[in-house]
Amino acid sequence: MNHRHRKVLHALFADPIPNNLSMKEVEGVLGELGAILENRHGSRIAVTLQDKTVVVHHAGHALPKDEVVQIRRFLESCTIDPARDYPL
């Protein structure tokens, strides 16, 4: 995982919740983590990682905060810890 992807991953877990993350950047990070991304109807994307799946809305520009929280909880359930696994 390159430095840019690690920065986005750390931003997903940052407090306060960022409001300037693009879905394209997050898709790149999820792909680097080994997730399978599948387009669904209605601008939705199914993300599968470690036999767990979450469906998120493909936002136009920046991800809404509730989507960031949803992706954060999904990564936590997959035991992804950026500080431990992908330090800056």
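The values are calculated or read from the model by the stated rules, or taken from the named source; none is laboratory data. As the structure is a prediction and not an experimental result, all values here were calculated from the model. Cβ placement follows ideal geometry from the backbone for every residue including glycine, while neighbour counts extend to all protein chains displayed.
Within the stretch 40-65, can you find the residues that are of a type in the set (D, E, K, R), surrounded by 11 or more Cβ atoms within 10 Å (Cβ to Cβ) and out of contact with any strand residue (DSSP E or B) (no Cβ under 7 Å at 6 or more places or on another chain)? Full working, then the answer.
Restricting attention to the stretch 40-65, the residues satisfying the condition of being of a type in the set (D, E, K, R) are 40, 44, 51-52, 65.
From what is left, the residues that are surrounded by 11 or more Cβ atoms within 10 Å (Cβ to Cβ) are 40, 44, 52, 65.
Answer for the stretch 40-65, where residues must be of a type in the set (D, E, K, R), surrounded by 11 or more Cβ atoms within 10 Å (Cβ to Cβ) and out of contact with any strand residue (DSSP E or B) (no Cβ under 7 Å at 6 or more places or on another chain): K52, K65.
Note down all Cβ pairs under 8 Å where the first residue falls in the stretch 38-50 and is within 25 Å of T79 (Cα to Cα), the second is aromatic (F, W, Y) and at pLDDT 90 or above, and they're at least six residues apart or on different chains.
If the second residue must be aromatic (F, W, Y) and at pLDDT 90 or above, the pairs left are V47/F74; L49/F74.
Output the qualifying pairs, or none if there are none: Cβ atoms under 6 angstrom, residues six or more apart or on different chains, first residue in the stretch 65-76 and in contact (Cβ under 8 Å) with a residue 60 or more places away in the chain, second residue assigned to a helix (DSSP H, G or I).
R72/L12
Need pairs with beta-carbon distance below 7 Å; first residue of a type in the set (D, E, K, R) and within the stretch 15-33, second in a loop (DSSP other than H, G, I, E, B); sequence gap 6+ or separate chains.
E32/M1
Within the stretch 3-32, restricting attention to residues that are out of contact with any helix residue (DSSP H, G or I) (no Cβ under 8 Å at 6 or more places or on another chain) and either part of a loop (DSSP other than H, G, I, E, B) or among the β-branched types (V, I, T) (or both), which residue is nearest to R72 (Cα to Cα)?
A14
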